[in-house]
Structures are given as C-alpha cells and as structure tokens.
Protein chains: 2
Amino acid sequence: MKLLIDTQGGDKAPIAMLNAVQMAKKENNSLDFVLFGDKKEIEEALGADAKNYEIIQTEDVITNEDEAALSIRKKDKASIVLASKYLVEHDDADAFISAGSTGALLAAAMLIVKRIDGFKRASIPTFLPGLKGPTLLLDSGANVDCEPEFIYEFAKLGSKYVEKLLGIQNPKVALVSNGAEAKKGNELTKKAHEILKNSELNFIGNIEANEILTTEADIIVQDGFVGNVILKELEGMSKVFVGNVKNFIMKDEKYFSSDEMKMSFMKDLMSLMGLTKYGGSPVLGVNKAIIKAHGNSDEKAFYLAIKNTVDFVNSGVIEYLKEN
Amino acid sequence: MKLLIDTQGGDKAPIAMLNAVQMAKKENNSLDFVLFGDKKEIEEALGADAKNYEIIQTEDVITNEDEAALSIRKKDKASIVLASKYLVEHDDADAFISAGSTGALLAAAMLIVKRIDGFKRASIPTFLPGLKGPTLLLDSGANVDCEPEFIYEFAKLGSKYVEKLLGIQNPKVALVSNGAEAKKGNELTKKAHEILKNSELNFIGNIEANEILTTEADIIVQDGFVGNVILKELEGMSKVFVGNVKNFIMKDEKYFSSDEMKMSFMKDLMSLMGLTKYGGSPVLGVNKAIIKAHGNSDEKAFYLAIKNTVDFVNSGVIEYLKEN
C-alpha cells in the first residue's frame, strides 16, 4: 500500500509526521510512503532511514488564514496540491494523509481528486463515543451552508462507510433537530427529514441534541455548521467536566488519603470516559482516499491516522460508493 | 405584585404549581396570585386557602402537539390565551408564568401581549453555568429560522436584560461560529457578525462551541435552532458524564470504603458542578412579563420560577427595553 504524507501541515509538522511514519513503517514494512515537504529538512530528520522513502519537494504552505479554494490555485506547489495531484496521477497511490488546513484539503479533494459521480458534496465524518457504540456524525464542518439534498448525501455517505468499515448492515440514520416530531426543525431540517423519510436509507427519525451520546443511531446528520457546534461543544464540555472533577479531587481532604490515590483515581476515571482521540477522518465522496488528521496531531495521533487510513483503504468503501 | 399562574401547563400540573404558589405566598404575602385553570380542581386542592386567590376558569388545554399560532386562535379559552389577555387588559397584572407549551406561550406573547416597538422577534434566553460566571444564551429555541437582524436583536435583548438583572455595565456579546475569524461561519452567521461589529453593543467577536462554558462573554447569540442544540447537548452530556462517574464509583472497590462514602462523594461532586436547574426564563421583547417555566417543573422549580419572576419585574427591564 502506498500512502502520501503531508509533512508540512499541522502544529507539530514535520517531526510528528516523520516519527509517525517511521513507527508505521517499522511495524509494517509493506507500507510505502511518499513524503511531501522540505526535502533537506526531511532528510536531516530521518538520517540514514531517508533512503527508504520517496520524498517530493514542496514550495509553499497553505495556512488556515488562506482562502481555501483560491489557495489551491495560487499556491500550486504546496504539499496539499502536489500530493492531491500525485494521488490522481498514480494508480498505485492509495491515500493521502494531512494534518493541514481542513478547508484547503477539502478544496483539493473537490477540485483535484474530484467528486464521485452522483454526489454533489464531499463530507468529513467524525466518530462520537456513544454509550451504545460509536456514532458517526456528518457533516463535521466541511459544508456550513447546505441544501436539504446534501444532508441526505451525508446520510448516504455515512451509511456506506459504516457498512464497510464496521460491518453494520442497514445502519440506522437519525437527523438532529429541536424535537422528535417530523414537523420540528428549521426549514432545512424539515425538508431534509422529508427526503430521508422517503429514501432507501434506514432513517429512524429526528433526535434532539441531548440524545447525541445515547442514541441508537449509527449515523447522525446535520449541516456542517451544526455538526461543528456539536463536536466542539462535546470537546469543550469534556474538558470543563474533567477539569471540574480534577479540581475537586485535588483539593479534597476527605475521600483520598494521598496524591497517588488521587492521580490513580483520575486516570481510572478518564480511561472509562472514552475520551480518546480518534486518529483522522476521511473526506468521503471523492474518488480516492484523503484523510484529515487533527491539526494538533502529535506522533501518536498521526500514527493512529496512518493505521486508520490502512483500514479505510482495505475496507473498499470508495469502490462501494462508486458502485452505488 | 400581581402574578398570573397557568395551573394547566406542565407535566406536574396543577399540583406542583399550586404548592409552589402557596410556598411563595406564605413567604411573601404581598404577592397576589391569579390562578388560571379548573376552578373546582383548584379549590379542592387548596381547601380553605382557596379564598386567598383569584381563580379564573379555563376550558381548554394547548398541548405540544398543537400548532402553536393556530391553537391560540382556536383554543381561545385555554389558560395561556386567557392569562395573556388578562395581562394586557389589567394594568396591575405584572407577569404571567407558565410551564406549558413553549410555542403556544411564544405565540400568545407575540399575538396577544405584542412586541415592543423596534423589535421584530421575541426571544427566550437561558443562563448557562459558565466557569467565569453565568452566560446568557439567546435564542434558546424560539426562533429556528432567523434573519441576521434577528441575531442582533437577541444580542440587544440579552444585553439590556443582563445590564438590568445582574447590573453588568456594557456586557460582552459573542457570536457562536465555527471559527474565531470574522470570515468564518455560514451565511447567516457571517452577516450577523457584520451587523454586530457595527452596532452599539459590546461585541467581542466569534467564539467556537468549545468555549461556551469558558468564554468571557456575558451573552452568546445564535439562531434558535443552534441555540437549542447547544442547550440540549449540554443537558444530555451532563447526564452522560455524571452517569459515567456514578457508574464508575458505584462499582469501585479500590477507592471508597463504603456506600455512604460513595454517595457523599457524588453529592459533593454534583453540588460543585453547578448542575442546578434554573427556574424559568422570560420571553424577552414583548410588552409585559411572561415567564416560561420548564415543562417538567416540580413545585421547587416552579417556586424558583416565581422568585425569578419577582426579580424580573423588579429589575424594570421591560421599561428599559421600551425606552431603548
């Protein structure tokens, strides 16, 4: 399997990416990597190991400040652009992984790698740690202004993805709204409900946002603006909640006899809460595998993104989407 | 002060409302109550105390199933309708409190009590338990489809409310978006940002949803659909988190020596988390005080709603809104 790596995107680039690649290569030597970035810097960082990698020199970096679609055209030697072109031009290139700008990656996916026939939008899903198992949220923020049809597409992309990746047959789809009844929702949501209800998907209806972690649904859908709010609030609240518990315990003189006990308690509690980071999400709906790793990925997170990419490629979900 | 009470709306009506009214009256005999509901039922429940209250017979109940604006016209003897009319027709009637259908209450507020000149929409705010003090969220769900101007109005309503109720001068307003930069957001949010930036309000810019509980802002605004998602997710996640901690502790054999210790720990932890229920929110932007109590209010919650109503009336925020 041949994986293309953006060593320029992300807060901890390029070292975190290079360390992650070396870890993955050590574990599975059948993985071939093409590294996009500053050749000299990469060779220095990898030392003697550099000979085991194809390295492609890039000239520019697209940041979160750049206007995404425009930057794809103007900064045409940036890693995201060169790697996306490489992905299209080489049949043996299986996937591209980047911790860079989401907007730029999505623009490159749409404009260079291009949409699968029948889909109007590409979407980035995120797994939420639901109490009844993982729940896939789409759209995570790629599409902030949506037509009702796009929400149906997100549901379809998510259904196919979950089917192939987790082996769930006929996965359940729910729409996030401000009430369970079909008539509840803003204009967009009411129309999307109607389309989903009449679709071939296993649509179980609306859920309210208080059910996000407890729903039976395998997939929950909304536009990317609401999806982003859902994700970010989960992230922020988890931090506040854990912080509150930690403050309470650290000040405690009543229940715990030592700092070691306190630390141990917090560690046990955290592992139970499932507050683990997922290692990257695919851009669904385009012709080849593009994986977005979190912007602040460290080497462990980026290593996980590589592992998830291997699973994603092996699942054959892209071919499955093309057939359907 | 004369307060009108809907004894028909809410899951625990009428007993929770009647008990709450009696508690409030006992504490402050200068409060006069007008009770809207089934006269016979109310008199039986209150016994000899009934003579201390004005009771107005109602004939119909508006449920969450009814289409709100329509039900105001069709069920014109329902408590929400009769009380709203009473509020308009009696100068000495200070406020109306209901745990009934939010939609119907809002429709009655708009159609019967009517908007204050200069406001196109009424909005229900909710206080969130922010780490840096309470943060007022508008809109909580009353207006699911918004024009950019409505979001500015929510910010104005919230600013005046917080100024008068909490005595905060020049309160800080933030807009929830999917990025801190002005250019981030869906179409609605970008336009609302522009209006807020050029307004007389103390607009501090966009925040992302992970900052909702940690923001410096006194007021955060979005449309009612997103506002509802924010509120419901907070509610649902709190339950899941608390449930997780509880499960962990109840199963524990390592840290706690007895069930009493476990229960005591949970209680201390919960009180710290600020997961207390607020006792009702005003419908802001209409000519007289209308307070929405939570649909599942018990007597304590409804009693708190009465106390908050007294504070709301005394704050003079409605006159302040009319002047500005």
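The values are calculated or read from the model by the stated rules, or taken from the named source; none is laboratory data. Everything quoted here is computed from the prediction, not taken from an experiment. Counting neighbours? That spans all protein chains shown, and the Cβs are built from the backbone with ideal geometry, glycine included.
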Taking segment B:39-73 on its own, how many of its residues are in contact with a strand residue (DSSP E or B) (Cβ under 7 Å, 6 or more places away or on another chain) and in contact (Cβ under 8 Å) with a residue 24 or more places away in the chain? 6
For segment A:127-155, which residues satisfy the criterion of being buried (at least 21 other Cβ atoms within 10 Å of the Cβ) and away from every other protein chain (no Cβ under 13 Å)? A:LEU136, A:LEU138, A:ILE151, A:TYR152, A:GLU153, A:PHE154, A:ALA155
Go through segment B:38-70 and give me each residue that's outside any helix (DSSP H, G or I) and under 22 Å from the mean Cα position of the chain (by Cα). B:VAL61, B:ILE62, B:THR63, B:ASN64, B:GLU65, B:ASP66, B:GLU67
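Looking at the structure I just gave you, is A:ILE306 more than 10 Å from every other protein chain (Cβ to nearest Cβ) and not in a helix (DSSP H, G or I)?
So A:ILE306 does not fit the description; no.
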Could you check, for segment B:234-250, whether at least one of its residues is touching a residue at least 60 places away in the same chain (Cβ under 8 Å) and of a type in the set (Phe, Trp, Tyr)? no
If only one of B:LEU196, B:LEU188, B:LEU165 is of a type outside the set (Lys, Arg) and touching a residue at least 60 places away in the same chain (Cβ under 8 Å), which one is it? B:LEU165
With respect to B:MET23, is the statement that it is touching a Leu at 6+ places or on another chain (Cβ under 7 Å), in contact (Cβ under 8 Å) with a residue 12 or more places away in the chain and surrounded by fewer than 17 Cβ atoms within 10 Å (Cβ to Cβ) true? no
Go through segment A:309-324 and report how many residues are surrounded by fewer than 20 Cβ atoms within 10 Å (Cβ to Cβ), under 16 Å from A:LEU3 (Cβ atoms) and not hydrophobic (A, V, I, L, M, F, W, C). 3
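Mind listing whichever residues of segment A:185-204 are facing chain B (nearest Cβ under 9 Å) and closer than 22 Å to B:MET237 by Cα?
A:GLY185
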If we scan segment A:228-244, do we find a residue that is assigned to a strand (DSSP E or B), surrounded by fewer than 23 Cβ atoms within 10 Å (Cβ to Cβ) and assigned by the TED database to the domain that holds A:ASP145? no
Matching residues in segment B:257-270 (within 22 Å of B:VAL240 (Cβ to Cβ) and either more than 7 Å from every other protein chain (Cβ to nearest Cβ) or loosely packed, with under 14 Cβ neighbours inside 10 Å (or both)) number 6
Please indicate, with yes or no, whether at least one residue in segment B:226-238 is away from chain A (no Cβ under 14 Å) and of a type in the set (Ser, Thr, Tyr). no
Would you mind stating whether B:THR189 is over 24 Å from B:SER84 (Cα atoms), in contact with an Asp or Glu (Cβ under 7 Å, 6 or more places away or on another chain) and not assigned by the TED database to the domain that holds B:ASN296? no
For segment B:205-223, how many residues are within 12 Å of chain A (Cβ to nearest Cβ) and under 21 Å from B:ARG121 (Cβ atoms)? 3
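Only strands (runs of 3 or more DSSP E) wholly contained in segment A:127-226 count here; list those with 3 or more residues that are more than 28 Å from A:ASN64 (Cβ to Cβ).
Here the list reads A:172-176, A:202-207.
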Restricting attention to segment A:125-143, and to residues there that are among the hydrophobic types (A, V, I, L, M, F, W, C) and modelled with pLDDT of 95 or more, which single residue is farthest from A:ASN186 (Cα to Cα)? A:LEU136
